[in-house]
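Enquirer: I have a structure here, written as structure tokens, and I will follow up with some questions on it.
What follows draws every value from the coordinates through simple rules; no lab data is involved. What you are looking at is a predicted structure, and each value in this text was computed from that prediction instead of being measured. Here the Cβ is made from the backbone with ideal geometry for all residues, glycine too, and neighbour counts use every protein chain on show.
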């Protein structure tokens with residue numbers, strides 16, 4: 001490949017990166033702009049793409065609405081609990097898939113993917129019946145168990161792929177110098193797999209934070225923030241819908257920003 005062709009390929013890669021960034025960033029910018037604008041400015045035509053009349057009145061009114069604070073706490077509780085459960089179960093399972101050869105391993109991985117093929121709508125009635133009979137209906141525990149079941153397949157497969165990339169020789173060397181298998185795993189393998197585990201954690205938390213249908217079906221009074229927004233803002237003015245959308249997006253963005261260091265390290269990039 002000539003130098004000219006390599007330079008042209010790099011340009012197209014940069015163009016693709018810019019296009020993806022705009023595709024993801026423009027909606028976030030627009031919803032942020034709408035949430036922080038006055039109600040009068042949202043009714044103007046044409047709408048300005050720059051902040052001309054900044055106001056937090058609508059956002060403040062939404063945040064002080066009944067159920068929003070409780071929904072935020074429920075979402076945070078469910079998201080972190082789902083994250084902890086998914087990693088607690090998924091990381092050892094991923095390690096087992098990566099390190100041990102057993103009959104049906106390929107079929108098992110395919111089965112993990114097929115579990116995500118069933119839409120939550122199909123499972124809604126059986127899930128509601130199970131949690132009603134077990135006394136867990138309308139609790140954050142029910143939503144946590146559902147979100148953990150939804151996140152586990154991806155967590156297992158992501159961590160398995162990461163553990164495959166960690167050389168087995170490192171663990172064997174640690175055991176030769178006296179480390180137990182558990183200690184070799186914790187002190188040698190886990191630090192090298194941390195970027196992949198961070199990626200799985202990011203996916204799990206964002207999935208749990210944004211999931212709305214299951215939370216709406218399994219709760220009435222202990223709803224997460226997305227379920228609360230869905231039930232209360234359906235007939236609300238447009239300005240409050242923007243404020244609700246911004247309140248949903250911001251925590252997930254903050255979580256991704258915190259985890260970005262581990263994600264970038266996974267691709268060999270160092271943040272300074």
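Enquirer: Taking the simple approach of a point 7 Å from Cα along Cα-to-Cβ for both residue 113 and residue 168, what is their distance in nm?
Expert: Result: 2.4 nm between the two label points.
Enquirer: Here are several values of Rg and Dmax of the Cα atoms in Å: (1) 22.7, 73; (2) 19.4, 63; (3) 18.2, 63. Which one was derived from the coordinates shown?
Expert: Recomputing Rg and Dmax of the Cα atoms in Å here gives the entry labelled (1).
Enquirer: Oh, and also: Tilt of helix 3-35 relative to the longest C-alpha principal axis of the chain, in degrees (0 to 90, nearest 10)?
Expert: 40 degrees
Enquirer: Cα centroids of the stretch 115-142 and the stretch 146-216: how far apart, whole angstrom?
Expert: The distance from the Cα centre of the stretch 115-142 to that of the stretch 146-216 comes to 26 Å.
Enquirer: Please state, to two decimals, what the Cα-based radius of gyration of the stretch 63-222 comes to when divided by 2.2 N^0.38 Å (N = residues).
Expert: For the stretch 63-222, the normalised Cα radius of gyration is 1.22.
Enquirer: Here's something else I'd like to know. Working out 0.36 nm times the residue gap between residue 61 and residue 231, then minus their Cα-Cα distance, what length gain in nm do you get to one decimal?
Expert: Working: separation 170, 0.36 × 170 = 61.20 nm, distance 1.69 nm.
Extra length available between residue 61 and residue 231 comes to 59.5 nm.
Enquirer: To continue, here is another question. Taking the Cβ of each residue in 185, 205 as the centre, tally the other Cβ atoms inside 10 Å and list the residues starting with the fewest.
Expert: Starting with the residue having the fewest Cβ neighbours, the order is 185, 205.
Enquirer: Exposure proxy check: 141, 242, 100, 29 ranked by fewest other beta carbons within 10 Å?
Expert: If I rank by nearby Cβ atoms, fewest first, I get 100, 29, 141, 242.
Enquirer: Per DSSP helix of 4 or more residues, -39500 (n - 2.57); summed, then divided by the residues of the chain. What does that give at 222 nm, rounded to the nearest 500?
Expert: Counting only the DSSP helices, I get -25000 deg cm²/dmol.
Enquirer: Also, I was wondering about something else. For a footprinting-style exposure proxy, rank 145, 63, 50 by other Cβ within 10 Å, fewest first. Walk me through the numbers before you get to the answer.
Expert: Details: 145 21, 63 14, 50 5.
Ascending number of Cβ neighbours within 10 Å: 50, 63, 145.
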